[in-house]
Amino acid sequence: MWHQVLSVGIVQAVAQISPVTQSVRVAELDEPAPASQEPLRLVDRPMPEPTRDEVLIEVRACGVCRTDLQLVEGDLELHSHPIVPGHQIVGEVIAAGAASDWSIGSRVGVTWLAGACGRCAFCRSGRENLCHDARFTGWDRDGGFAEAVVADGRFVAPVPDGVGDVDVAPLLCGGVIGHRALRATGLTAGGRLGLYGFGASATIVLQLALHQGMDVHVATRSTSEQERARALGAQSVGTYDESPPQPLDAAITFAPVGSVVIDALRAVDRGGTVVVNAIHLDGIPAFDYGLLWHERSIKSVANVTRRDAAELLELAERIPLVTHHQQYPLDDANRALADLSSGQVRGAAVLVPGRDGIRENATRRR
Ligand SMILES: [Zn+2]
Ligand SMILES: [Zn+2]
(Lines give C-alpha, C1' and ligand atoms only; values in the text may rest on other atoms or scores of the structure.)
(Ligands and ions follow the chains in the order given, each with its own letter.)
Protein backbone atom coordinates (compact mmCIF):
# COMPACT_ATOMS: atom_id res chain seq x y z
CA MET A 1 0.00 0.00 0.00
CA TRP A 2 2.63 2.54 1.08
CA HIS A 3 4.85 1.34 -1.66
CA GLN A 4 2.11 1.99 -4.17
CA VAL A 5 1.44 5.53 -2.94
CA LEU A 6 5.13 6.31 -2.97
CA SER A 7 5.52 5.05 -6.53
CA VAL A 8 2.66 7.19 -7.77
CA GLY A 9 4.17 10.22 -6.03
CA ILE A 10 7.50 9.68 -7.70
CA VAL A 11 5.99 9.19 -11.14
CA GLN A 12 4.10 12.48 -10.84
CA ALA A 13 7.12 14.35 -9.57
CA VAL A 14 9.29 13.04 -12.39
CA ALA A 15 6.65 13.96 -14.94
CA GLN A 16 6.47 17.51 -13.62
CA ILE A 17 10.12 18.35 -13.42
CA SER A 18 11.70 16.47 -16.24
CA PRO A 19 11.17 17.54 -19.83
CA VAL A 20 9.22 15.03 -21.82
CA THR A 21 11.69 12.55 -23.15
CA GLN A 22 9.32 10.80 -25.46
CA SER A 23 9.27 11.43 -29.13
CA VAL A 24 6.37 11.73 -31.51
CA ARG A 25 6.36 10.53 -35.08
CA VAL A 26 5.15 13.08 -37.65
CA ALA A 27 4.97 13.34 -41.43
CA GLU A 28 6.45 16.75 -42.20
CA LEU A 29 6.82 18.76 -45.37
CA ASP A 30 9.92 20.84 -46.07
CA GLU A 31 9.90 21.23 -49.83
CA PRO A 32 6.74 20.88 -51.93
CA ALA A 33 6.88 18.30 -54.75
CA PRO A 34 4.44 16.10 -56.68
CA ALA A 35 2.88 13.53 -54.34
CA SER A 36 4.41 10.72 -56.42
CA GLN A 37 7.87 11.95 -55.32
CA GLU A 38 7.02 11.36 -51.65
CA PRO A 39 7.55 14.93 -50.36
CA LEU A 40 6.54 14.09 -46.78
CA ARG A 41 9.32 12.96 -44.47
CA LEU A 42 8.60 10.68 -41.52
CA VAL A 43 10.58 11.93 -38.53
CA ASP A 44 10.59 11.60 -34.77
CA ARG A 45 10.30 14.90 -32.94
CA PRO A 46 10.37 15.60 -29.21
CA MET A 47 6.87 15.35 -27.77
CA PRO A 48 5.41 18.89 -27.92
CA GLU A 49 4.19 20.50 -24.71
CA PRO A 50 0.93 22.42 -24.46
CA THR A 51 1.13 25.91 -22.98
CA ARG A 52 -1.68 27.93 -21.32
CA ASP A 53 -4.75 27.41 -23.53
CA GLU A 54 -3.31 24.56 -25.53
CA VAL A 55 -4.00 20.85 -25.44
CA LEU A 56 -1.83 17.93 -26.49
CA ILE A 57 -3.91 15.48 -28.47
CA GLU A 58 -3.11 11.86 -29.26
CA VAL A 59 -4.24 11.54 -32.89
CA ARG A 60 -6.63 8.64 -33.51
CA ALA A 61 -7.53 9.54 -37.07
CA CYS A 62 -6.74 12.38 -39.47
CA GLY A 63 -8.51 12.86 -42.78
CA VAL A 64 -6.50 13.66 -45.89
CA CYS A 65 -8.02 16.62 -47.72
CA ARG A 66 -7.43 17.99 -51.19
CA THR A 67 -6.07 21.14 -49.53
CA ASP A 68 -3.34 19.00 -47.91
CA LEU A 69 -2.46 17.75 -51.38
CA GLN A 70 -2.34 21.33 -52.73
CA LEU A 71 0.00 22.34 -49.91
CA VAL A 72 2.27 19.34 -50.39
CA GLU A 73 2.44 19.79 -54.16
CA GLY A 74 3.09 23.54 -53.95
CA ASP A 75 -0.28 24.77 -55.24
CA LEU A 76 -0.79 26.48 -51.90
CA GLU A 77 2.03 28.68 -50.64
CA LEU A 78 3.78 27.41 -47.50
CA HIS A 79 3.39 29.68 -44.47
CA SER A 80 6.19 27.96 -42.58
CA HIS A 81 8.37 24.91 -42.95
CA PRO A 82 8.81 22.22 -42.04
CA ILE A 83 5.06 21.89 -41.53
CA VAL A 84 2.94 18.89 -40.60
CA PRO A 85 -0.23 18.89 -42.76
CA GLY A 86 -3.64 17.56 -41.73
CA HIS A 87 -6.69 19.49 -40.53
CA GLN A 88 -9.35 16.83 -39.92
CA ILE A 89 -8.16 15.44 -36.61
CA VAL A 90 -9.95 13.23 -34.11
CA GLY A 91 -8.09 12.35 -30.96
CA GLU A 92 -7.89 12.29 -27.20
CA VAL A 93 -6.58 15.03 -24.93
CA ILE A 94 -3.52 13.62 -23.15
CA ALA A 95 -2.20 16.85 -21.61
CA ALA A 96 -3.58 20.34 -21.16
CA GLY A 97 -2.15 23.76 -20.39
CA ALA A 98 -2.99 25.42 -17.06
CA ALA A 99 -5.63 27.74 -18.53
CA SER A 100 -7.35 25.06 -20.58
CA ASP A 101 -10.79 23.76 -19.58
CA TRP A 102 -10.24 20.41 -21.24
CA SER A 103 -9.72 17.39 -19.05
CA ILE A 104 -7.45 14.48 -19.84
CA GLY A 105 -9.26 11.80 -21.81
CA SER A 106 -11.67 14.17 -23.59
CA ARG A 107 -12.36 13.16 -27.16
CA VAL A 108 -11.94 16.15 -29.46
CA GLY A 109 -11.93 17.21 -33.08
CA VAL A 110 -9.61 19.75 -34.71
CA THR A 111 -10.64 21.53 -37.91
CA TRP A 112 -9.10 23.92 -40.43
CA LEU A 113 -9.65 26.95 -38.14
CA ALA A 114 -6.77 26.82 -35.66
CA GLY A 115 -7.27 30.29 -34.21
CA ALA A 116 -8.59 33.82 -34.76
CA CYS A 117 -7.91 37.19 -33.12
CA GLY A 118 -11.16 37.33 -31.13
CA ARG A 119 -11.18 41.15 -31.26
CA CYS A 120 -11.94 42.24 -34.82
CA ALA A 121 -15.42 43.04 -36.14
CA PHE A 122 -15.64 39.64 -37.83
CA CYS A 123 -14.69 37.72 -34.71
CA ARG A 124 -17.08 39.72 -32.55
CA SER A 125 -19.99 39.05 -34.91
CA GLY A 126 -19.62 35.27 -35.08
CA ARG A 127 -17.71 35.38 -38.36
CA GLU A 128 -14.27 34.33 -37.15
CA ASN A 129 -13.88 32.42 -40.43
CA LEU A 130 -13.34 35.82 -42.08
CA CYS A 131 -10.81 37.13 -39.50
CA HIS A 132 -7.73 38.61 -41.19
CA ASP A 133 -5.59 37.05 -38.47
CA ALA A 134 -7.20 33.61 -38.65
CA ARG A 135 -4.70 30.76 -38.42
CA PHE A 136 -5.13 27.40 -40.03
CA THR A 137 -4.31 23.88 -38.93
CA GLY A 138 -1.66 22.15 -40.97
CA TRP A 139 -0.74 25.42 -42.68
CA ASP A 140 0.07 28.03 -39.98
CA ARG A 141 0.63 25.46 -37.25
CA ASP A 142 1.38 21.76 -37.29
CA GLY A 143 -1.52 19.48 -38.10
CA GLY A 144 -2.57 15.90 -37.64
CA PHE A 145 -0.33 13.80 -39.88
CA ALA A 146 1.27 12.79 -36.61
CA GLU A 147 0.91 10.57 -33.58
CA ALA A 148 0.21 13.65 -31.46
CA VAL A 149 -0.49 17.32 -32.08
CA VAL A 150 -0.79 20.48 -30.00
CA ALA A 151 -3.85 22.65 -30.69
CA ASP A 152 -5.38 25.78 -29.18
CA GLY A 153 -7.93 24.25 -26.82
CA ARG A 154 -10.34 27.14 -27.42
CA PHE A 155 -10.63 26.05 -31.05
CA VAL A 156 -11.19 22.31 -30.67
CA ALA A 157 -14.65 20.74 -30.54
CA PRO A 158 -16.01 17.90 -28.41
CA VAL A 159 -16.69 14.72 -30.40
CA PRO A 160 -19.88 12.85 -29.40
CA ASP A 161 -19.51 9.29 -28.12
CA GLY A 162 -21.80 7.85 -30.78
CA VAL A 163 -19.47 8.44 -33.73
CA GLY A 164 -16.27 6.53 -34.52
CA ASP A 165 -12.84 8.18 -34.90
CA VAL A 166 -12.32 7.15 -38.50
CA ASP A 167 -15.95 7.86 -39.43
CA VAL A 168 -15.93 11.39 -38.13
CA ALA A 169 -12.46 12.53 -39.29
CA PRO A 170 -13.43 12.99 -42.96
CA LEU A 171 -16.40 15.14 -41.86
CA LEU A 172 -14.20 17.74 -40.23
CA CYS A 173 -13.42 19.70 -43.40
CA GLY A 174 -15.79 19.03 -46.31
CA GLY A 175 -18.62 18.10 -43.95
CA VAL A 176 -18.30 21.18 -41.77
CA ILE A 177 -18.04 23.58 -44.70
CA GLY A 178 -20.89 21.74 -46.44
CA HIS A 179 -23.01 22.33 -43.34
CA ARG A 180 -22.02 26.01 -43.47
CA ALA A 181 -22.99 26.19 -47.17
CA LEU A 182 -26.34 24.56 -46.46
CA ARG A 183 -27.05 27.08 -43.71
CA ALA A 184 -26.04 29.88 -46.09
CA THR A 185 -28.85 28.86 -48.47
CA GLY A 186 -31.36 29.83 -45.76
CA LEU A 187 -33.52 26.81 -46.63
CA THR A 188 -35.72 24.99 -44.15
CA ALA A 189 -38.01 21.94 -44.30
CA GLY A 190 -39.85 21.68 -47.61
CA GLY A 191 -37.25 23.80 -49.44
CA ARG A 192 -36.04 22.62 -52.83
CA LEU A 193 -32.24 22.36 -52.88
CA GLY A 194 -29.94 21.62 -55.82
CA LEU A 195 -26.47 20.12 -55.37
CA TYR A 196 -24.21 20.78 -58.37
CA GLY A 197 -21.35 18.31 -58.28
CA PHE A 198 -21.52 15.18 -56.15
CA GLY A 199 -18.27 14.40 -54.34
CA ALA A 200 -17.63 13.70 -50.67
CA SER A 201 -18.81 17.07 -49.35
CA ALA A 202 -22.03 17.01 -51.42
CA THR A 203 -22.73 13.47 -50.21
CA ILE A 204 -22.72 14.75 -46.65
CA VAL A 205 -24.86 17.79 -47.53
CA LEU A 206 -27.41 15.47 -49.16
CA GLN A 207 -27.75 13.57 -45.88
CA LEU A 208 -28.02 16.82 -43.88
CA ALA A 209 -30.64 18.28 -46.23
CA LEU A 210 -32.80 15.15 -46.28
CA HIS A 211 -32.62 15.02 -42.49
CA GLN A 212 -33.91 18.60 -42.41
CA GLY A 213 -36.83 17.71 -44.66
CA MET A 214 -35.68 19.34 -47.89
CA ASP A 215 -36.26 18.07 -51.42
CA VAL A 216 -32.92 17.52 -53.12
CA HIS A 217 -31.98 17.59 -56.79
CA VAL A 218 -28.45 16.37 -57.62
CA ALA A 219 -26.72 17.47 -60.82
CA THR A 220 -23.59 15.67 -61.99
CA ARG A 221 -22.20 14.52 -65.32
CA SER A 222 -21.57 10.99 -64.11
CA THR A 223 -24.51 8.60 -64.49
CA SER A 224 -23.07 6.33 -61.78
CA GLU A 225 -22.97 9.31 -59.39
CA GLN A 226 -26.56 10.13 -60.35
CA GLU A 227 -27.53 6.57 -59.41
CA ARG A 228 -25.62 6.87 -56.13
CA ALA A 229 -27.46 10.12 -55.35
CA ARG A 230 -30.82 8.44 -56.01
CA ALA A 231 -29.87 5.50 -53.79
CA LEU A 232 -29.04 7.97 -50.99
CA GLY A 233 -32.47 9.58 -51.29
CA ALA A 234 -32.21 12.45 -53.81
CA GLN A 235 -35.69 13.18 -55.20
CA SER A 236 -34.35 13.95 -58.68
CA VAL A 237 -31.04 13.79 -60.57
CA GLY A 238 -29.69 15.09 -63.86
CA THR A 239 -26.73 16.59 -65.66
CA TYR A 240 -25.59 20.19 -65.10
CA ASP A 241 -27.44 21.61 -68.08
CA GLU A 242 -30.68 19.69 -67.53
CA SER A 243 -33.42 21.61 -65.73
CA PRO A 244 -34.66 20.11 -62.45
CA PRO A 245 -38.34 19.00 -62.48
CA GLN A 246 -39.26 22.18 -60.57
CA PRO A 247 -37.34 25.42 -60.09
CA LEU A 248 -35.03 25.26 -57.04
CA ASP A 249 -35.21 27.54 -53.99
CA ALA A 250 -31.42 27.36 -53.63
CA ALA A 251 -28.43 25.50 -54.95
CA ILE A 252 -24.90 24.74 -53.77
CA THR A 253 -22.14 24.26 -56.34
CA PHE A 254 -19.19 22.01 -55.51
CA ALA A 255 -17.56 21.64 -58.91
CA PRO A 256 -14.56 23.99 -59.32
CA VAL A 257 -15.96 25.09 -62.67
CA GLY A 258 -17.43 28.56 -63.22
CA SER A 259 -19.95 27.44 -65.84
CA VAL A 260 -21.63 25.23 -63.22
CA VAL A 261 -22.46 28.36 -61.21
CA ILE A 262 -24.42 29.59 -64.25
CA ASP A 263 -26.13 26.21 -64.62
CA ALA A 264 -27.22 26.43 -60.98
CA LEU A 265 -28.35 30.05 -61.39
CA ARG A 266 -30.49 29.00 -64.35
CA ALA A 267 -32.19 26.37 -62.15
CA VAL A 268 -33.10 28.57 -59.16
CA ASP A 269 -36.44 30.30 -58.81
CA ARG A 270 -36.99 34.03 -58.17
CA GLY A 271 -35.34 35.05 -54.89
CA GLY A 272 -33.16 31.95 -54.97
CA THR A 273 -29.55 31.74 -53.78
CA VAL A 274 -26.59 29.95 -55.33
CA VAL A 275 -23.88 29.19 -52.78
CA VAL A 276 -20.46 28.48 -54.25
CA ASN A 277 -18.61 25.89 -52.18
CA ALA A 278 -15.29 25.90 -53.99
CA ILE A 279 -11.96 27.41 -52.98
CA HIS A 280 -10.93 27.88 -56.59
CA LEU A 281 -13.06 28.61 -59.60
CA ASP A 282 -11.85 28.93 -63.15
CA GLY A 283 -13.75 32.22 -63.65
CA ILE A 284 -17.50 32.61 -64.04
CA PRO A 285 -18.47 33.13 -67.70
CA ALA A 286 -20.42 36.26 -68.63
CA PHE A 287 -24.15 35.70 -68.35
CA ASP A 288 -27.37 37.48 -69.12
CA TYR A 289 -28.53 39.75 -66.28
CA GLY A 290 -31.95 38.11 -66.61
CA LEU A 291 -30.51 35.10 -64.75
CA LEU A 292 -29.73 37.23 -61.68
CA TRP A 293 -32.78 39.50 -61.95
CA HIS A 294 -35.66 38.93 -59.51
CA GLU A 295 -33.46 39.00 -56.46
CA ARG A 296 -31.45 35.91 -57.13
CA SER A 297 -28.02 35.96 -55.47
CA ILE A 298 -24.64 34.28 -55.70
CA LYS A 299 -22.44 33.94 -52.62
CA SER A 300 -19.41 31.96 -51.51
CA VAL A 301 -18.48 30.21 -48.28
CA ALA A 302 -14.98 30.47 -46.85
CA ASN A 303 -13.36 28.49 -44.03
CA VAL A 304 -15.35 27.45 -40.97
CA THR A 305 -16.25 28.65 -37.50
CA ARG A 306 -16.28 26.78 -34.20
CA ARG A 307 -20.06 26.89 -34.29
CA ASP A 308 -20.08 25.13 -37.70
CA ALA A 309 -17.89 22.33 -36.34
CA ALA A 310 -19.86 21.86 -33.12
CA GLU A 311 -23.18 21.74 -34.98
CA LEU A 312 -21.93 19.30 -37.60
CA LEU A 313 -20.47 16.95 -34.99
CA GLU A 314 -23.75 16.93 -33.11
CA LEU A 315 -25.64 16.17 -36.35
CA ALA A 316 -23.13 13.45 -37.25
CA GLU A 317 -24.26 11.52 -34.21
CA ARG A 318 -27.95 12.37 -34.40
CA ILE A 319 -28.63 11.58 -38.10
CA PRO A 320 -26.19 9.60 -38.13
CA LEU A 321 -24.03 10.69 -41.06
CA VAL A 322 -22.45 7.93 -43.12
CA THR A 323 -18.97 8.35 -44.62
CA HIS A 324 -16.86 6.02 -46.70
CA HIS A 325 -13.16 5.92 -46.15
CA GLN A 326 -9.94 4.17 -46.89
CA GLN A 327 -7.46 3.87 -44.02
CA TYR A 328 -3.69 4.31 -44.21
CA PRO A 329 -1.07 3.99 -41.47
CA LEU A 330 0.83 7.23 -40.74
CA ASP A 331 3.96 5.85 -42.43
CA ASP A 332 1.96 5.66 -45.68
CA ALA A 333 1.00 9.35 -45.68
CA ASN A 334 2.80 9.87 -49.00
CA ARG A 335 0.92 6.96 -50.54
CA ALA A 336 -2.42 8.37 -49.29
CA LEU A 337 -1.62 11.71 -50.97
CA ALA A 338 -0.47 10.00 -54.19
CA ASP A 339 -3.67 7.92 -54.26
CA LEU A 340 -5.74 11.06 -53.71
CA SER A 341 -3.82 12.79 -56.49
CA SER A 342 -4.39 9.96 -58.95
CA GLY A 343 -8.04 9.50 -58.00
CA GLN A 344 -7.55 6.06 -56.48
CA VAL A 345 -9.12 6.71 -53.08
CA ARG A 346 -12.58 5.25 -52.60
CA GLY A 347 -14.38 7.69 -50.31
CA ALA A 348 -12.07 9.69 -48.06
CA ALA A 349 -8.45 8.86 -47.19
CA VAL A 350 -7.87 8.72 -43.43
CA LEU A 351 -4.53 8.34 -41.67
CA VAL A 352 -4.69 6.20 -38.55
CA PRO A 353 -1.45 6.69 -36.55
CA GLY A 354 -1.98 4.57 -33.44
CA ARG A 355 0.92 3.74 -31.21
CA ASP A 356 0.78 2.33 -27.75
CA GLY A 357 2.28 4.12 -24.84
CA ILE A 358 1.96 7.79 -25.74
CA ARG A 359 -0.62 8.21 -23.03
CA GLU A 360 1.32 6.45 -20.32
CA ASN A 361 3.56 9.30 -19.35
CA ALA A 362 1.13 12.05 -20.15
CA THR A 363 0.19 14.34 -17.32
CA ARG A 364 -1.39 17.74 -16.89
CA ARG A 365 1.46 20.21 -17.34
CA ARG A 366 1.61 23.70 -15.92
ZN1 LIG B 1 -10.57 38.46 -35.77
ZN1 LIG C 1 -9.79 20.48 -46.05
Item to complete: Give the residues of segment 159-173 that are away from ligand 2 (no atom under 13 Å from the Cβ) and either within 21 Å of VAL260 (Cα to Cα) or among the hydrophobic types (A, V, I, L, M, F, W, C) (or both), sorted by residue number.
Response: VAL159, VAL163, VAL166, VAL168
Discussion item. Just the residues that are farther than 19 Å from ALA333 by Cα and crowded, with 17+ Cβ neighbours inside 10 Å, please, taken from segment 138-150.
Written reply: VAL150
Item to complete: Kindly list, by first and then second residue, each pair from a residue in segment 100-128 that is without any contact (Cβ under 8 Å) to a residue 12 or more places away in the chain to a residue that is in a strand (DSSP E or B) and more than 16 Å from ligand 1 (Cβ to nearest atom), limited to pairs with Cβ atoms under 8 Å and residues at least 6 apart or on different chains.
Response: SER103/VAL93; SER103/ALA96
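Residue-wise test of (1) over 20 Å from LEU330 (Cβ atoms); (2) within 16 Å of ligand 1 (Cβ to nearest atom); (3) among the aromatic types (Phe, Trp, Tyr).
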position	(1), (2), (3)
GLY91	no, no, no
SER103	yes, no, no
CYS117	yes, yes, no
PHE136	yes, yes, yes
ASP152	yes, yes, no
ASP167	no, no, no
Worksheet item: In this structure, is ASP75 at pLDDT below 95 and under 27 Å from ALA255 (Cβ atoms)?
Response: yes
Response to the item:
In segment 278-301, anything surrounded by 10 or more Cβ atoms within 10 Å (Cβ to Cβ) and aliphatic (A, V, I, L, M) is listed as ALA278, ILE279, LEU281, ILE284, LEU291, LEU292, ILE298, VAL301
Worksheet item: Taking GLY144, is it in contact (Cβ under 8 Å) with a residue 40 or more places away in the chain and either among the polar types (S, T, N, Q) or more than 19 Å from VAL64 (Cβ to Cβ) (or both)?
Response: no
Practice prompt. Determine, yes or no, whether VAL275 is at pLDDT 95 or above, β-branched (Val, Ile, Thr) and either in a strand (DSSP E or B) or exposed (fewer than 13 other Cβ atoms within 10 Å of the Cβ) (or both).
Written response: yes
Practice prompt. Would you be able to tell me the number of residues in segment 199-228 that are among the small types (Gly, Ala, Ser) and farther than 18 Å from VAL260 by Cα?
Written response: 3
Discussion item. I'd like to check something: does segment 189-206 contain any residue that is of a type in the set (S, T, N, Q) and farther than 25 Å from GLY138 by Cα?
Written reply: no
Discussion item. Take the conditions aliphatic (A, V, I, L, M), at pLDDT 95 or above and touching a Leu at 6+ places or on another chain (Cβ under 8 Å) and apply them to VAL93. Does it pass?
Written reply: yes
Worksheet item: Checking CYS131 against (1) loosely packed, with under 15 Cβ neighbours inside 10 Å; (2) free of Cβ contacts under 8 Å to residues at least 40 places away in the same chain, which test does it fail?
Response: (1)
Item to complete: Only residues that are closer than 19 Å to GLY175 by Cβ and more than 8 Å from ligand 1 (Cβ to nearest atom): list them for segment 119-134, please.
Response: ASN129
Worksheet item: Out of segment 108-122, which residues are closer than 26 Å to GLN327 by Cβ and touching a helix residue (DSSP H, G or I) at 6+ places or on another chain (Cβ under 8 Å)?
Response: GLY109, VAL110, THR111, TRP112, LEU113, ALA114
Fill in: Elements of type strands (runs of 3 or more DSSP E) contained in segment 191-248, each with 1 or more residues being of a type outside the set (S, T, N, Q) and touching a residue at least 24 places away in the same chain (Cβ under 8 Å)
192-196, 215-219
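Yes or no, residue by residue, for (1) in the same structural domain as ARG230 (by TED's automatic domain parsing); (2) closer than 20 Å to ARG66 by Cβ; (3) touching a Leu at 6+ places or on another chain (Cβ under 9 Å); (4) among the aromatic types (Phe, Trp, Tyr):
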| position | (1), (2), (3), (4) |
| --- | --- |
| ASP167 | no, yes, yes, no |
| ALA184 | yes, no, no, no |
| LEU187 | yes, no, yes, no |
| GLY190 | yes, no, no, no |
| LEU193 | yes, no, yes, no |
| TYR196 | yes, yes, no, yes |
| ALA202 | yes, yes, yes, no |
| LEU206 | yes, yes, yes, no |
| LEU210 | yes, no, yes, no |
Worksheet item: VAL176 passes all but one of (1) over 25 Å from ARG52 (Cα atoms); (2) surrounded by 24 or more Cβ atoms within 10 Å (Cβ to Cβ); (3) more than 16 Å from ligand 2 (Cβ to nearest atom); which number fails?
Response: (3)
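The values are calculated or read from the model by the stated rules, or taken from the named source; none is laboratory data. All figures in this text were calculated on a predicted structure; none of them were measured in a lab. FYI the Cβ positions are ideal-geometry reconstructions off the backbone, even for glycines, and counts take in every protein chain you see.
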